[in-house]
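**Q** Please find one structure pasted underneath; my questions will follow.
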Amino acid sequence: MKINKVNYIQCPIFVVHGKMDETVFYKDINELIKRIQLIYTWFPKKGNEHNIFNELKEKFFNKIKYFLN
């Protein structure tokens, strides 16, 4: 991954990552999120690669609405 390129992004970024994700581990994205200047995050404790759009859909859309406002 070209992680240095995120330093040049000048628009707000919304990062969603479930702490229970077994595909991309939560600890592995720390370096990425440290480099993003305008960042809004949501790390659901019980979120994983399968349930954010299903079980957590209402919270997910509320977070998106907040970010866009």
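The values are calculated or read from the model by the stated rules, or taken from the named source; none is laboratory data. Owing to the predicted nature of the structure, the values given are computational and were not obtained by experimental measurement. Quick reminder, even Gly has a Cβ in these numbers, built from the backbone with ideal geometry, and neighbours come from all protein chains shown. Remember, those area values only see protein heavy atoms, side chains included, never the ligands or the DNA or RNA. Shrake-Rupley method; radii C 1.70, N 1.55, O 1.52, S 1.80 Å.
**Q** Could you look through region 24-67, keep only residues that are part of a helix (DSSP H, G or I) and in contact with a His (Cβ under 8 Å, 6 or more places away or on another chain), and pick out the one that is farthest from Cys11 (Cα to Cα)?
**A** Across region 24-67, the extreme among qualifying residues is Tyr26.
**Q** Filter region 23-69 down to residues that are modelled with pLDDT under 85 and aromatic (Phe, Trp, Tyr) and give me whichever is most open to solvent (accessible area, probe 1.4 Å).
**A** Phe53
**Q** Where the second residue is polar (S, T, N, Q) and the first is more than 23 Å from Leu68 (Cα to Cα) and lies in region 19-41, which pairs have Cβ atoms under 7 Å and are six or more apart or on separate chains?
**A** Qualifying pairs under 7 Å: Met20/Asn48; Asp21/Asn48; Glu22/Asn48.
**Q** Now, a different point. For residues in region 1-17 being free of Cβ contacts under 8 Å to residues at least 40 places away in the same chain, closer than 16 Å to Tyr40 by Cβ and of a type outside the set (Val, Ile, Thr), which is most open to solvent (accessible area, probe 1.4 Å)?
**A** Among residues in region 1-17 that are free of Cβ contacts under 8 Å to residues at least 40 places away in the same chain, closer than 16 Å to Tyr40 by Cβ and of a type outside the set (Val, Ile, Thr), the one most open to solvent (accessible area, probe 1.4 Å) is Gln10.
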